[in-house]
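First up is the structure itself, then whatever we jot down about it.
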Amino acid sequence: MQKLDERKLKILQAIIRNYLETGEPVGSRTISKDTDLNLSSATIRNEMADLEELGYIVQPHTSAGRIPSDKGYRLYVDMMLEDKVQEVESMRNVLIEKTDKMENLLKQVAKLLAVNTNYATMITTPQYRSRKVKFIQITEVDASQILAVIVLEGNIVKNKMIYTAEPLDKEIILKLNIVMNTFLQGLDMSEINLALIKKMKEQAAGYGNVVSDILDAVAQAISEEADVEIYTSGATNILKYPELSDNSRASELLSAFEEKNQLSELVTLPEGEEASRGIQVYIGSETPVESMRDCSVVTATYEIEDGVYGRIGIVGPKRMDYEKVVSTLKTLMVQLDEIFKKKG
């Protein structure tokens, strides 16, 4: 396949984007408004003539605009896939390194909090409040199944198997990839509306049911809770307080810290919390964890960047030193902000 220069590539991409949006042949005047090339309609017509001669676009009617050929679609998708693969590959080692550093940092924070307060502490890995679609790749598995690889903001990858009523040939798979990525990239569920879905089904003419199934898979991927790790420290500090140290009560508390599943009720980010950096205090029966009804729990939210949050919690007796705990958490929030240094 002949390599196109940057100008021809931009014009081809503009033709494909406009044709996907409107379903109508695309003329040079439309392209002159759509690209940042600052070229005249005459120059664009010459480039379009070259693209037609090379087989990337076709003119369905005399005096009409152009539409992409299969060869044009193929180049568009191959470049899109290559860009995404390179992006993921280049980020992989960085992400692994960041994950390791984050894990060590959060464990250290939990430990230092436990030492400083003399209470039990917990901290979560970051949670993503907004889940936007970054990239979707559809591939054939066999005659009755396709695989949708859905990459969400934060490089969260979800794999969804989708059953099809009939085999899908390579050109249909190609078209589905183009449609899904053209319309869904950068959107979350609140932005995927009926008008958008209608357009997508029109572009995938005859395969609207497959588009519906893929959209269901995307919705499921977005709505699924991400695996949130909880790091704890100082659980045995609780035993230092007589009112919490009798055998049955201590056993329940230590079990809660060991198994951690109960702790998720404390550290799951509440709705609307992204708008507030406030500290929450649960006293006795206000605590959502049954085994901690004789305790007090103080939680706070740390923020890495917009839409990415985590939770910190401190558990102690109802007679805990609230002033010290709140002051410690406020100081910690400032320190974590300094470490994570929000971009922009």
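When the range 107-143 is filtered for residues that are without any contact (Cβ under 8 Å) to a residue 60 or more places away in the chain and in contact with a strand residue (DSSP E or B) (Cβ under 6 Å, 6 or more places away or on another chain), the ones remaining, listed by number, are K134, F135, Q137, T139, E140, V141. Taking helices (runs of 4 or more DSSP H) as the structural unit, those lying wholly within the range 201-318 and holding at least 1 residues that are closer than 15 Å to T124 by Cα and at pLDDT 85 or above correspond to 247-259. Looking only at the range 165-182, decide whether some residue is within 23 Å of V141 (Cβ to Cβ), charged (D, E, K, R) and surrounded by 12 or more Cβ atoms within 10 Å (Cβ to Cβ). Yes, the range 165-182 contains a residue that is within 23 Å of V141 (Cβ to Cβ), charged (D, E, K, R) and surrounded by 12 or more Cβ atoms within 10 Å (Cβ to Cβ). The set of residues in the range 217-264 being without any contact (Cβ under 8 Å) to a residue 24 or more places away in the chain and in contact with a Leu (Cβ under 7 Å, 6 or more places away or on another chain) consists of S245, A250. Quick one: is I162 part of a helix (DSSP H, G or I) and of a type in the set (V, I, T)? No.
In a residue-by-residue description of the range 116-134, the property of being at pLDDT 90 or above, in a loop (DSSP other than H, G, I, E, B) and assigned by TED's automatic domain parsing to the domain that holds K318 applies to at least one position.
The values are calculated or read from the model by the stated rules, or taken from the named source; none is laboratory data. Just so we're clear, the structure is a prediction, and the values are computed from it rather than from any experiment. Quick reminder, even Gly has a Cβ in these numbers, built from the backbone with ideal geometry, and neighbours come from all protein chains shown.
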